Amino acid sequence: MDNLLSPVSAFVSQHQAWAGPILGALTLLESMFLIGAFVPATALMLLAGGLIASGALNPAEVFAWCVAGAVLGDAISFEIGRRVGARALRHPALRPRRRAVARTRLYARRYGVVSVFVGRFFGPLRAFVPVMVGMLQMKSWVFQIANVVSAMLWVGVLLAPGYLAARGLALLELEGWALWLTLGGGAAVVVGGTVLVNALRRSARRRRQAALAPAF
């Protein structure tokens with residue numbers, strides 16, 4: 001991974017116009033089933049946060065490309081799970097990780113849409129949860145809502161450390177309003193996502209109870 005990270009980091013630093021598409025492609029690959037473990041998109045996004053702070057990169061462009069890549073990568077993995085099913089888990093590359101795969105499957109079965117949010121932030125789960133919930137036949141629209149919202153949160157969280165580190169205390173002194181606006185927007189997304197997840201869980205619980213209720 002280090003062999004790939006250094007040249008890509010140098011290229012992104014020197015060719016800012018390509019930063020968005022490159023980061024978008026890498027976040028797509030990092031979110032995909034089987035491929036994700038070998039792609040260093042997370043480290044590059046931390047670097048990109050610093051470049052955004054220095055004015056070298058356009059924040060809206062980088063954010064949009066990264067979110068699009070993350071959403072598309074998870075959507076592809078989800079479709080693999082829906083269409084291929086358990087056969088996808090028989091790939092030889094997964095043999096050393098059978099225990100982790102089994103735990104992820106149980107986790108996805110137990111927590112459903114919540115696992116999509118949580119899995120986004122944990123490397124070992126990120127590329128597997130979409131496949132698992134696809135295998136479990138989660139409704140596409142439910143998954144896609146969780147996919148988009150979690151991708152926005154994930155990208156924001158990864159870009160923020162590099163940005164804040166590069167700006168330091170000057171960010172608080174000179175652009176405090178922008179920081180609070182960003183934090184407020186992030187908090188709104190978190191609260192909205194939490195409300196959505198709770199609503200979906202209550203809806204699923206009611207459907208299960210209705211299905212188990214005796215018919216008269």
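For the condition farther than 22 Å from Val39 by Cα and of a type outside the set (Phe, Trp, Tyr), what is the one hit in Val118, Val114?
After ruling out the rest, the residue left standing is Val114.
Say whether the condition of being crowded, with 21+ Cβ neighbours inside 10 Å, under 21 Å from the mean Cα position of the chain (by Cα) and at pLDDT 80 or above is met by at least one residue in segment 78-85.
yes
Out of all the residues in segment 108-147, which are touching a Gly at 6+ places or on another chain (Cβ under 8 Å), outside any loop (DSSP other than H, G, I, E, B) and not small (Gly, Ala, Ser)?
Phe117, Leu125, Arg126, Val129, Pro130, Val131, Met132, Val133, Met135, Phe143
Using the structure shown, decide if Gly24 is part of a helix (DSSP H, G or I) and at pLDDT 80 or above.
On the way: part of a helix (DSSP H, G or I): yes; at pLDDT 80 or above: yes.
The answer is yes for Gly24.
Would you be able to say whether some residue in segment 50-66 is within 12 Å of the chain's Cα centre (by Cα) and either assigned to a helix (DSSP H, G or I) or closer than 28 Å to Ala10 by Cβ (or both)?
yes
Those residues that are under 15 Å from Phe121 (Cα atoms), touching a residue at least 40 places away in the same chain (Cβ under 8 Å) and buried (at least 22 other Cβ atoms within 10 Å of the Cβ), I need them from segment 37-66; list them, please.
Across segment 37-66, the qualifying residues are Met45, Cys66.
The values are calculated or read from the model by the stated rules, or taken from the named source; none is laboratory data. Computed from a predicted structure; not experimentally measured. Using ideal geometry, Cβ is built from the backbone for each residue, glycine included, and neighbour counts are taken over all protein chains shown.
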